[in-house]
Amino acid sequence: MTRVALVTGGTRGIGHAISLELKAAGYKVAATYAGNDEAAAAFSKETGIATYKWSVADYDECVAGLAKVEADLGPIDVLVNNAGITRDAMLHKLTPVQWREVISTNLDSMFNMCQPIIAGMRDRGFGRIINISSINGQKGQMGQTNYSAAKAGVIGFTKALAQEVARKGVTVNCIAPGYINTEMVAAVPEKVLESIIASIPVGRLGTGEEIAHCVKFLADDKSGFITGATITANGAQYIAG
Ligand code: NDP
């Protein structure tokens with residue numbers, strides 16, 4: 001049986017690597033994105049993976065988008081909630097818009113994407129939900145109260161939903177990446193990035209492929225006893241208890 005996987009923000013960065021890894025593992029993959037049509041078109045051309053454009057921050061768009069993906073590919077077995085953004089500023093300079101955008105995209109999206117399809121997963125007795133949190137949701141990061149709050153919220157959401165669906169064959173887990181060499185991190189000023197790399201015991205940024213490897217592991221049919229967990233992949237930059 002070919003399983004269907006949906007990766008939000010699956011056209012760029014870490015999501016790009018996840019989409020490719022799942023396709024290589026034999027999944028039928030759908031990748032969503034928010035607005036960068038050019039990147040999505042290049043991704044589709046390169047990989048042959050279908051792309052869908054909607055905002056994970058909008059519940060109604062998620063309901064409609066998920067219905068379209070399921071009509072095209074079949075019921076979603078594996079949902080990877082990867083889409084995320086940063087809008088960094090110290091709290092005394094952070095605007096309500098920056099706060100709301102990050103909470104909507106990174107945390108409301110958990111509800112918006114999971115709620116419409118969780119009943120189907122329960123009924124079918126199988127599902128894998130994999131949420132991408134962050135090292136900064138575990139340890140907190142100066143200049144990222146919005147992002148740290150949202151990513152910590154992702155971990156709480158994961159633990160609660162994992163318990164709700166545990167008896168239904170559905171697992172819900174988190175991955176908390178450290179600093180990964182994507183465009184999101186390229187936006188960090190060079191001096192700051194140098195000091196970040198100096199604080200990573202492994203001595204380098206991580207790669208999207210290393211996060212994709214964790215996703216493939218959690219998505220596997222044989223990973224059914226792992227649920228409510230957070231896999232930390234950060235080069236020992238922060239060792240969560
Ligand atoms: P990128 O900025 O490289 O890619 C983000 C992807 O998410 C793009 O495909 C983008 O679409 C999509 N996206 C953004 N907003 C929305 C939205 N509202 N609706 C749907 N899709 C959206 O990010 P990364 O690959 O670096 O990050 C991926 C995830 O990993 C995020 O959740 C991030 O917080 C997390 N993370 C990243 C780390 C890193 O070091 N890079 C570290 C820890 C966690 P479009 O192309 O249209 O803009």
Select, from Lys53, Lys93, the only residue that is modelled with pLDDT of 95 or more, open to solvent by 80 Å² or more (accessible area, probe 1.4 Å) and within 10 Å of the ligand (Cβ to nearest atom).
Lys53
Residue, farthest from Asn112 (Cα to Cα), within region 1-23, restricted to residues that are more than 6 Å from the ligand (Cβ to nearest atom), part of a loop (DSSP other than H, G, I, E, B) and in contact with a strand residue (DSSP E or B) (Cβ under 9 Å, 6 or more places away or on another chain)
Thr2
Any residue at all in region 210-229 that's within 16 Å of the chain's Cα centre (by Cα), surrounded by 16 or more Cβ atoms within 10 Å (Cβ to Cβ) and at positive phi?
yes
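Tell me the helices (runs of 4 or more DSSP H) entirely within region 112-201 that contain at least 1 residues that are within 20 Å of the chain's Cα centre (by Cα) and surrounded by fewer than 23 Cβ atoms within 10 Å (Cβ to Cβ).
135-139, 145-165, 183-186
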For region 1-31 the number of residues that are surrounded by 15 or more Cβ atoms within 10 Å (Cβ to Cβ), touching a Lys or Arg at 6+ places or on another chain (Cβ under 7 Å) and among the β-branched types (Val, Ile, Thr) is 2
Only unsatisfied item for Gly208, checking (1) out of contact with any His (no Cβ under 7 Å at 6 or more places or on another chain); (2) farther than 22 Å from Gln98 by Cα; (3) within 11 Å of the ligand (Cβ to nearest atom), is (1)
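The values are calculated or read from the model by the stated rules, or taken from the named source; none is laboratory data. Since this is a predicted model, take the numbers as computed values, not measurements. Cβ atoms come from the backbone with ideal geometry, glycine included; neighbour counts cover every protein chain shown. Remember, those area values only see protein heavy atoms, side chains included, never the ligands or the DNA or RNA. Shrake-Rupley method; radii C 1.70, N 1.55, O 1.52, S 1.80 Å.
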